[in-house]
Amino acid sequence: MFNILKGEIINGDYKSILLSTTSRKSRDIARLPDKNIGKEKILNILLNDINLAHELISEIDGKIDTILVDVEKKQQINLMEIVKGKVKNSLVLPYKPNDITLEAADQLVLQQTKHDLTAKNIIIYGTGNLGFKLALRLMEREANVHLFGRNIQKVNSLIESLNMIKPKFSKAYAMQYSPVDGVRYDGLVSFVSADKVINEDFANCIKSEGFAIDGGIGNFSEDFIALCLNKRIFVTRLDVRLGNEFLAASISSLNKKNVFFNEIMGSTKLNNQNVVAGGIIGPEGSIIVDRIKEATQIIGIANGYGGLKNESEYTKSDRENLQDAKKTLL
């Protein structure tokens, strides 16, 4: 595997590479399916061995234009630390694959519920990072979350947190999953690092025509899958390619050519008058525009603490500066 990768890198088949780790015990190095972002194919590598990480990162420096590094520390191996110590010629960008996985799961649940989660009852199997994040996302969409985990104390703590931080007027709730005769759930999503832990008892609790999503990959037992299929429950493992558009947006936002930081956000002077854009908080009286380069709209006059002055508060100087800005900028 390693020699094949070296050959592809040396031959210049890829301009970008994704380096990530996993919390699951797996192979020391694995090539995952390429990421197709726009018209570009990105090499996608999973690394779980520190020595191989050192060797591969040394090999790709300067031969790959952009190295995207998983900054989530799921094991003792610290990819970003290794990259910082070895990469001198390639562009290094951090990224968070868990965020991409979350977006993929959210999109899949939305698809299965026809984009309406109001009052739906969803089982979340797992109390880790992704399980909690998805639970909150679903509650924000007005779904009720039924959380399952082996550590009951942790389950109760997360439930308390979810109910505390959900939107103020939301009717959604989080509670501990409990199989009750006659109660059927709309779907189940799992995120645990274990194989075949979800058995047919869970399938019995899901409605016919419901859904079951294996986010941890390998979480479902054969009996669970068989019963789900028999009940016409949609069963799938999570394909993170659903999150590719979000990954593309993340890469774009990190790029040195980022439009927002280069063309929208900024501050300048116009006839000794402050001009700001993109959220920059200027002194009171600053002219606020829609973009610092080639402005197309004047938003108003800054009040000095992050907002706009009401027109009734404009001074004579404010009105004169506003007129000058309209003539000069627009």
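Values for this structure:
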quantity: First in segment 72-92 and of a type in the set (Ser, Thr, Tyr), second anywhere and part of a loop (DSSP other than H, G, I, E, B), Cβ under 8 Å, 6 or more apart; calculated: 90/62; 90/63; 90/65
quantity: Odd one out for residue 164 among (1) more than 24 Å from residue 238 (Cβ to Cβ); (2) part of a loop (DSSP other than H, G, I, E, B); (3) under 23 Å from the mean Cα position of the chain (by Cα); calculated: (2)
quantity: Hits in segment 179-207 (condition: β-branched (Val, Ile, Thr) and farther than 23 Å from residue 102 by Cα); calculated: 180, 183
quantity: Unique match (being without any contact (Cβ under 8 Å) to a residue 24 or more places away in the chain and not assigned by TED's automatic domain parsing to the domain that holds residue 219) among 285, 266, 300; calculated: 300
quantity: Some residue of segment 232-247 being free of Cβ contacts under 8 Å to residues at least 40 places away in the same chain, in the same structural domain as residue 185 (by TED's automatic domain parsing) and part of a loop (DSSP other than H, G, I, E, B); calculated: yes
quantity: Subset of segment 157-176 that is among the hydrophobic types (A, V, I, L, M, F, W, C) and without any contact (Cβ under 8 Å) to a residue 12 or more places away in the chain - its residue that is nearest to residue 146 (Cα to Cα); calculated: 164
quantity: Which numbered condition residue 105 misses (of (1) within 30 Å of residue 178 (Cα to Cα); (2) of a type in the set (Gly, Ala, Ser); (3) surrounded by fewer than 16 Cβ atoms within 10 Å (Cβ to Cβ)); calculated: (3)
quantity: Conditions (1) within 14 Å of residue 268 (Cβ to Cβ); (2) crowded, with 17+ Cβ neighbours inside 10 Å: number failed by residue 291; calculated: (2)
quantity: Subset of segment 160-189 (residues that are farther than 27 Å from residue 208 by Cα and either in contact with a strand residue (DSSP E or B) (Cβ under 6 Å, 6 or more places away or on another chain) or crowded, with 19+ Cβ neighbours inside 10 Å (or both)); calculated: 162, 163, 166
quantity: Filter pass, residue 74 being modelled with pLDDT under 85 and either more than 20 Å from residue 246 (Cα to Cα) or touching a strand residue (DSSP E or B) at 6+ places or on another chain (Cβ under 7 Å) (or both); calculated: yes
quantity: Helices (runs of 4 or more DSSP H) contained entirely in segment 39-118, each with at least 1 residues that are touching a Phe, Trp or Tyr at 6+ places or on another chain (Cβ under 9 Å) and charged (D, E, K, R); calculated: 50-60, 97-112
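The values are calculated or read from the model by the stated rules, or taken from the named source; none is laboratory data. Please read all numbers here as calculations on a predicted model, not as lab measurements. Don't worry about glycine lacking a Cβ; one is built from the backbone with ideal geometry, like all the others, and counts go over all protein chains shown.
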